Amino acid sequence: MKKLWGGRFEGKTDSLVEALGESVSFDQRLAPWDIRGSIAHARMLGDCGIISKADAKKIIAGLTEIGKEIEAGKFRFDIALEDVHMNVEAALAKRIGDAGKRLHTGRSRNDQCATDTRLWARDQIDAILGLLVGIERALAEFAGAHIDVILPGCTHMQNAQPVLLAHHLLAYVEMFARDHERFGELRSRVNVLPLGSAALAGTTYPIDREQVAKELGFDGISANSMDAVSDRDYLIEFCANASIAMMHLSRLSEELVLWSGPAYGFVVIGDAFTTGSSIMPQKKNPDVAELVRGKTGRVYGSLTALLTMMKGLPLTYNRDMQEDKEPAFDASDTLQLCLATTSRMLPSIKVNREAMREATKEGFLEATDLADYLVGKGMPFREAHEVVGKLVLYCSQRGKRFAELSTGEFAAASPLFTRDIFAILSPEAIVARRDNPGGTAPKRVKAALRATLKRLGAGSRK
Ligand code: ARG
């Protein structure tokens, strides 16, 4: 096998080393960003008189052609050339000769690959920001279309208090809005140019880093060449943010799996987002929600892989760091696919409002309100809690609900209970009383929904 940069070697590379060391099979997807970075670098070399303007022009034209070939799927990547950077550079030299061999002046693959992955990450972040707005909007629209639906809110997976379905869904909107914020903040840390750091110490050529940063749309240049070629925290943070967003998606998915099952019967997910069973003809399975929940694990895996890969590395670049790409690519692809699919699935869901309302009758959801009623009549809260607790025990021993008790039974629990107690028992009345900022009263939820839709109309949170 032909050896790359073989000048100082006498022997050949082992064939297994080629298989172990090649990254072009997966980093070829960086080609568009690699070419953009190289074009900016070549233009700067020409403008600064480090190479001739004529050579810079040839390089730019050659790279543009190679970029088109790659885009058209006509370019043949060769694993003997190790990575995307060497494949593009070798093709350029083949095409334009000596000028092509001048492209790598004043740079190293170390600052080059950091530049490529930062450009890639920036574009992925922009796509993810759009997808997060999309899922927030889908959730908000779904909430708006079911504004008067009530279901049991749970703690410990036990019925606790009735809430509006819209309130429940807007909780997820808050989560995805924070994910949006996190990716937005990460974008500014990603958008810094490492190129010009060369291998690790900077370069002897009179380069203009600001020019390259400007052409590539970076907000600024890295301050320390050793940090710039050896840090990968922007990819770790990318995977951390992706993990949190997947965790949010997974919780929503879990609820949809439960709600669509016969134990709940709260929702029916559309045919386009469910599948049948190969043996049981009656089945309609919530596979999309299950897969999103399942794929969350692999995104956490990416985060763990990157954290572990980096933890023992002394400065600066180490070859271990080539392992940064597959986890980051996979986390990005997985998150984007799951956000897009879930957003599309949401409008397909039919809500069984009767089943949800019926479920609020189980579990003594009015208990807190009964205690509050007694408090309103002057009883200290702790005492009221005790009285209502005993009433729950009384009811459960007789298989009764609060609404089925007589005025006399209420009065036996406490003389403070009078006929007006029945008026406060309906789920609508209970929900309407939670009328403080952040509460589930329809007035509050409608205002929250309006604010959310207004914010989303503007495109982003920021
Ligand atoms: N393919 C390599 C990577 O992704 C590029 C940098 C190689 N640098 C080196 N000194 N071997 O990490």
Handout entry: Among (1) open to solvent by 60 Å² or more (accessible area, probe 1.4 Å); (2) in contact (Cβ under 8 Å) with a residue 24 or more places away in the chain; (3) within 30 Å of ARG187 (Cβ to Cβ) - the single one ALA448 does not satisfy
Key = (1)
Exercise for the section: Considering each residue of segment 323-345, count those that are away from the ligand (no atom under 16 Å from the Cβ), surrounded by fewer than 22 Cβ atoms within 10 Å (Cβ to Cβ) and not β-branched (Val, Ile, Thr), and give that number. Expected result: 7
Fill in the blank from the handout: Reported set for segment 176-221 where residues are assigned to a strand (DSSP E or B) and either of a type in the set (Ser, Thr, Tyr) or within 21 Å of ARG109 (Cβ to Cβ) (or both) is VAL192, LEU193, ILE221
Fill in the blank from the handout: If we ask which residues in segment 1-47 are open to solvent by 70 Å² or more (accessible area, probe 1.4 Å), touching a residue at least 12 places away in the same chain (Cβ under 8 Å) and more than 15 Å from the ligand (Cβ to nearest atom), their number turns out to be 7
Practice task
Might you let me know whether segment 58-79 holds any residue that is part of a helix (DSSP H, G or I), within 16 Å of the ligand (Cβ to nearest atom) and either of a type in the set (Val, Ile, Thr) or open to solvent by less than 40 Å² (accessible area, probe 1.4 Å) (or both)?
Solution key: yes
Problem - ASN191, sole failed condition from (1) surrounded by fewer than 21 Cβ atoms within 10 Å (Cβ to Cβ); (2) within 16 Å of the ligand (Cβ to nearest atom) - result: (2)
Problem - Residue list for segment 412-437, filter: assigned to a helix (DSSP H, G or I), in contact with a Lys or Arg (Cβ under 8 Å, 6 or more places away or on another chain) and not hydrophobic (A, V, I, L, M, F, W, C) - result: PRO427
Handout entry: Options SER332, SER348, SER343; residue that is within 30 Å of GLY301 (Cα to Cα) and touching a Gly at 6+ places or on another chain (Cβ under 6 Å)
Key = SER343
Fill in the blank from the handout: Flagged in segment 218-228 as under 15 Å from ARG189 (Cα atoms) and open to solvent by less than 40 Å² (accessible area, probe 1.4 Å), in numbering order, are PHE218, GLY220, SER222, ALA228
Handout entry: Residue that is nearest to the ligand (Cβ to nearest atom), among those in segment 101-112 that are free of Cβ contacts under 8 Å to residues at least 40 places away in the same chain and surrounded by 16 or more Cβ atoms within 10 Å (Cβ to Cβ)
Key = ARG109
Exercise for the section: Please tell me if GLY301 is closer than 24 Å to ARG232 by Cα, open to solvent by 30 Å² or more (accessible area, probe 1.4 Å), in contact (Cβ under 8 Å) with a residue 12 or more places away in the chain and assigned to a helix (DSSP H, G or I). Expected result: yes
Handout entry: Matching entry among ASP271, ASP233 (being of a type in the set (Asp, Glu), open to solvent by 40 Å² or more (accessible area, probe 1.4 Å) and farther than 21 Å from ALA340 by Cβ)
Key = ASP233
Problem - ARG450 being over 30 Å from GLU136 (Cα atoms), assigned to a helix (DSSP H, G or I) and among the basic types (Lys, Arg) - result: no
Completion exercise
Cβ pairs under 7 Å, 6+ apart or interchain, first in segment 370-397 and in a helix (DSSP H, G or I), second among the β-branched types (Val, Ile, Thr) and surrounded by 12 or more Cβ atoms within 10 Å (Cβ to Cβ), ordered by first then second residue, are LEU370/VAL388; ALA371/VAL388; TYR373/ILE421; TYR373/ILE424; LEU374/VAL387; PHE381/VAL375; ALA384/VAL375
Problem - Single match in ASP83, ASP123, ASP98 (criterion: within 12 Å of the ligand (Cβ to nearest atom), among the acidic types (Asp, Glu) and modelled with pLDDT of 95 or more) - result: ASP83
Handout entry: Test for VAL190: is it within 24 Å of the chain's Cα centre (by Cα), farther than 30 Å from GLY439 by Cβ and of a type outside the set (Ser, Thr, Tyr)
Key = yes
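The values are calculated or read from the model by the stated rules, or taken from the named source; none is laboratory data. Predicted model, so just to flag it, every value in this text is computed and none were measured. When we count neighbours, we look across all protein chains shown, and the Cβ atoms used for this are built from the backbone with ideal geometry, even at glycine. For the accessible areas, the whole protein counts, side chains as well, though only heavy atoms, and no ligand, DNA or RNA atoms are used. Shrake-Rupley method; radii C 1.70, N 1.55, O 1.52, S 1.80 Å.
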